[in-house]
């Protein structure tokens, strides 16, 4: 079906408001894929905030700059939620990918993040989207609004990720770890891999504490940051398995990226990782070093297990095609713009 046109003959204009460029592009990739999968009866464009997310005045300028843009619908796509503060409430969508940034903070910083990154932006949005049921529960509890007012729209896996033959490396079993924030649980992963014949490839800059933990465990590791899309796809292609033993997440896109490429996944037995992975992973207690160690020992020693996880993983990842997320966003955009689908 196609959407009816604006009374002046034009398609509704949707502005996806992107956070300032800070060298991390996961949100940008997700919404780039969503835009690419949308039909041509919506005019959906991305606008990158030109003011850095540092200090009060640059952020205020960013929020005012966003409010100065012209569109039928404004969508603050994540991270820099404060950009919603001066947008017209009836035509604003806000996506909250996770609440981990508030949970990690303490004292005054936590209070300010809660107020300006969650409570006020949520109040300024007509529609609030999250990528998982777990993220919905977290946001509802933190902000004090009913979960029925928050809509789940799962993130898609990019079509740039395609199945690849099994990586065959001489020597050590190669494990990919994506991310180094505190919730990524790198120190426990290091302890779990101690004594195993593995090498850890990290996407992101490890902290001094993580480096110390890896060295103390005797784990061979390398790390890279600021990778291009192609370099990230190559990192999945060149690994033997993905480690995603996070303590908490809003979604867990690396699980789907690894499954799509055809790599077995070890992840946490917590939501939303269990939601995202389906049954196609080895699930571990992320706070139990022994549980993580046993999962990787099994992957190394049991080729049949790896093959079974790859087969079920490809099937699971197929549920997250960009077209599904695009259709969900189109429905939200049309509702806020006052455009109804033909026949409804």
**Report entry** Members of the stretch 264-297 that are in contact with a helix residue (DSSP H, G or I) (Cβ under 6 Å, 6 or more places away or on another chain), in contact (Cβ under 8 Å) with a residue 60 or more places away in the chain and either surrounded by 20 or more Cβ atoms within 10 Å (Cβ to Cβ) or over 19 Å from residue 320 (Cβ atoms) (or both)
**Finding:** 272, 276, 289, 292, 293
Query raised in the report: Which helices (runs of 4 or more DSSP H) sit wholly inside the stretch 252-344 and have at least 1 residues that are within 30 Å of residue 94 (Cα to Cα), assigned by TED's automatic domain parsing to the domain that holds residue 72 and touching a strand residue (DSSP E or B) at 6+ places or on another chain (Cβ under 9 Å)?
Result: 322-337
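Listed here are the residues, each with its yes/no results for (1) exposed (fewer than 15 other Cβ atoms within 10 Å of the Cβ); (2) modelled with pLDDT of 95 or more; (3) out of contact with any strand residue (DSSP E or B) (no Cβ under 8 Å at 6 or more places or on another chain); (4) in a strand (DSSP E or B).
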{"position": "8", "(1), (2), (3), (4)": "yes, no, yes, no"}
{"position": "11", "(1), (2), (3), (4)": "no, no, no, no"}
{"position": "14", "(1), (2), (3), (4)": "no, yes, no, yes"}
{"position": "35", "(1), (2), (3), (4)": "no, yes, no, no"}
{"position": "50", "(1), (2), (3), (4)": "yes, yes, yes, no"}
{"position": "57", "(1), (2), (3), (4)": "yes, yes, yes, no"}
Requested in this report: Kindly list the number of the only condition in (1) loosely packed, with under 14 Cβ neighbours inside 10 Å; (2) on the phi > 0 side of the Ramachandran plot that fails for residue 79.
Outcome: (1)
Report summary line: Scanning the stretch 170-195 for residues that are modelled with pLDDT of 95 or more, surrounded by fewer than 24 Cβ atoms within 10 Å (Cβ to Cβ) and over 25 Å from the mean Cα position of the chain (by Cα) gives 173, 191, 194, 195
Report summary line: Matching residues in the stretch 197-251 (touching a helix residue (DSSP H, G or I) at 6+ places or on another chain (Cβ under 8 Å), surrounded by fewer than 19 Cβ atoms within 10 Å (Cβ to Cβ), more than 21 Å from residue 263 (Cα to Cα) and at pLDDT below 95) number 0
Requested in this report: Would you please list the contacts, defined by Cβ atoms under 6 Å and residues six or more apart or on different chains, that run from a residue in the stretch 168-190 that is at positive phi to a residue that is surrounded by 21 or more Cβ atoms within 10 Å (Cβ to Cβ)?
Outcome: 185/245; 185/246; 185/286
Query raised in the report: Looking at the stretch 67-81, which of its residues are in a helix (DSSP H, G or I) and either at pLDDT below 95 or farther than 19 Å from residue 26 by Cα (or both)?
Result: 67
**Report entry** Test: residue in the stretch 215-224 that is free of Cβ contacts under 8 Å to residues at least 40 places away in the same chain, touching a strand residue (DSSP E or B) at 6+ places or on another chain (Cβ under 6 Å) and assigned by TED's automatic domain parsing to the domain that holds residue 33
**Finding:** no
Query raised in the report: Of 40, 21, which residue is assigned to a loop (DSSP other than H, G, I, E, B), modelled with pLDDT under 95 and in contact with a strand residue (DSSP E or B) (Cβ under 9 Å, 6 or more places away or on another chain)?
Result: 21
Report task. Answer with yes or no whether residue 45 is within 22 Å of the chain's Cα centre (by Cα), closer than 27 Å to residue 247 by Cα and modelled with pLDDT of 95 or more. Result -> no
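The values are calculated or read from the model by the stated rules, or taken from the named source; none is laboratory data. Please read all numbers here as calculations on a predicted model, not as lab measurements. Glycine gets a Cβ as well: all are built from the backbone with ideal geometry, and neighbour counts include every protein chain shown.
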